[in-house]
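Student: One structure, pasted below without further comment.
The values are calculated or read from the model by the stated rules, or taken from the named source; none is laboratory data. All values reported here derive from a predicted model rather than from experimental measurement. Cβ placement follows ideal geometry from the backbone for every residue including glycine, while neighbour counts extend to all protein chains displayed.
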Amino acid sequence: MDASRDTGTAYEMKPPSTRTDLTQVGRGTPMGELLRRYWHPVGLATDACDVPVQVQALGEDMVLFRDRSGQPGLLHARCCHRGTTLYYGKVEERGIRCCYHGWLFDAQGHCLEQPCESGGGAFRDRVRQPWYPVIERYGLIFAYMGPADKKPVLPRYDCLETLDEGEFVEADDTSLGGGGPPVIPCNWLQHFENVADPYHVPVLHGSFSGPQFTTMMASMPEVLFEMTPRGVAIRSVRRQDDGKVFYRVTEAACPTLRVVPNPRVAQFARVESIGWVLPLTDTSFRIYVAGRVRQRGDIGRMRSTFNGKFWWEMNEREHQQFPGDYEAQVGQGPITIHSEEHFGQSDRGVLMVRRMLRDQLDALAAGRDPIGVGFDPDAPPIAFESGNFIKDA
């Protein structure tokens, strides 16, 4: 018997390993500390109300609320008194009151009342509930979870500041593109690096599961990948029968921004929206989006359908027959096994995204500020190159 026929089986696989430097997001980890140098959306502006909302971000559990005076607050979930969750707290004029012993905290974590203590709490000025600064912009609540002395300004973006006639900015918090629930059960990098993978579009979103976008997106593009001051730019060219060129630019920008023009190519113009990939834990993330729209709900109407159905309308057999980004990325496992990957030339964008992140980790370790971090409140809005364009050949 020819024993060589049985070599190369799965039994001979080496012990698997993952890039924990890029995937772990907790405080004190390399990527966790890098991400904490930026602002991140942690909810819609409408989520901050007089009922506490549970929030996860970068491995931390928090509650988001808006006091009766209109001030939003983001506090760690466990009360600093005896550790119960403030999710069951009551929002009042000056802050949120813990259900257990009634301690009242304002939006910056100051303890205002300790009703079980004499005099309303003689030591209330010496305790503070852990909190994070928040800013409302573009219909989202942004939080800064890093060191106070390194807090940058929250950037403005030209595509959300310069509005065409009849446009306004709308925010959305549900999964877009290839389907899935709002919370995606896998590592954030599995989605973020997908932004720099244009070759999967004509396969996964074109021929494999049927055209999910437009016929213009179904052909295999010619692609140029380049580093920019913001991250990685992906420039795709598709030549048309009329001699014109469909030119599409997508950007993956630090820290987690997906700057992706409308895949349905509703118009040839600059990018309409920005998506932020928010790591919730090492094995889950969600996407917040803000974009220019003309009617309420326009962002949600960009969601893909599969064989005529939305993702949540499909049964398991249909998900297997018509997979999208959710199935492909979650199918990599909670954290993909990086040691088992085999890259080709078409994966250059993915490798550039990982190199970009690795470079920022090195910058942080050397005491430098990572790219995309600024401290000038008067800096002009950031202008992205992304968009769908028609050009002469």
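Student: So which residues in segment 136-169 are hydroxyl-bearing (S, T, Y) and not in a loop (DSSP other than H, G, I, E, B)?
Tutor: Y144, Y157 - these are the residues of segment 136-169 that are hydroxyl-bearing (S, T, Y) and not in a loop (DSSP other than H, G, I, E, B).
Student: Still on this model: Do we have any residue at all in segment 15-32 that's within 21 Å of the chain's Cα centre (by Cα) and more than 30 Å from A363 (Cβ to Cβ)?
Tutor: Within segment 15-32 (the criterion being within 21 Å of the chain's Cα centre (by Cα) and more than 30 Å from A363 (Cβ to Cβ)), the answer is no, since none of the residues qualifies.
Student: Take the residues in segment 234-288 that are in contact with a Gly (Cβ under 6 Å, 6 or more places away or on another chain) and more than 17 Å from G387 (Cα to Cα); name whichever of them is surrounded by the fewest Cβ atoms within 10 Å (Cβ to Cβ).
Tutor: Top of the filtered list is T281.
Student: Still on this structure, I have one more. Taking the options R296, R358, R303, name whichever one is surrounded by fewer than 19 Cβ atoms within 10 Å (Cβ to Cβ), closer than 22 Å to V373 by Cα and either in contact with a Gly (Cβ under 8 Å, 6 or more places away or on another chain) or not polar (S, T, N, Q) (or both).
Tutor: That would be R358, the only listed residue that is surrounded by fewer than 19 Cβ atoms within 10 Å (Cβ to Cβ), closer than 22 Å to V373 by Cα and either in contact with a Gly (Cβ under 8 Å, 6 or more places away or on another chain) or not polar (S, T, N, Q) (or both).
Student: With among the small types (G, A, S) and in contact with an Asp or Glu (Cβ under 6 Å, 6 or more places away or on another chain) as the only criterion, which of G180, G120 stands out?
Tutor: On inspection, the qualifying residue turns out to be G120.
Student: Of all residues in segment 328-345, how many are crowded, with 18+ Cβ neighbours inside 10 Å and either without any contact (Cβ under 8 Å) to a residue 40 or more places away in the chain or touching a strand residue (DSSP E or B) at 6+ places or on another chain (Cβ under 8 Å) (or both)?
Tutor: The qualifying residues number 1.
Student: Regarding G73, is this residue under 16 Å from N187 (Cα atoms) and out of contact with any helix residue (DSSP H, G or I) (no Cβ under 9 Å at 6 or more places or on another chain)?
Tutor: For G73, the condition - under 16 Å from N187 (Cα atoms) and out of contact with any helix residue (DSSP H, G or I) (no Cβ under 9 Å at 6 or more places or on another chain) - is not met.
Student: Continuing with the same structure: I'd like to check something: does segment 68-82 contain any residue that is over 26 Å from P41 (Cβ atoms), out of contact with any Lys or Arg (no Cβ under 7 Å at 6 or more places or on another chain), in the same structural domain as D50 (by TED's automatic domain parsing) and at pLDDT 95 or above?
Tutor: Yes, there is a match, as at least one residue in segment 68-82 is over 26 Å from P41 (Cβ atoms), out of contact with any Lys or Arg (no Cβ under 7 Å at 6 or more places or on another chain), in the same structural domain as D50 (by TED's automatic domain parsing) and at pLDDT 95 or above.
Student: Now a separate question. Among the residues in segment 40-58, are any touching a strand residue (DSSP E or B) at 6+ places or on another chain (Cβ under 7 Å), under 28 Å from G333 (Cα atoms) and surrounded by fewer than 19 Cβ atoms within 10 Å (Cβ to Cβ)?
Tutor: Checking segment 40-58: at least one residue is touching a strand residue (DSSP E or B) at 6+ places or on another chain (Cβ under 7 Å), under 28 Å from G333 (Cα atoms) and surrounded by fewer than 19 Cβ atoms within 10 Å (Cβ to Cβ).
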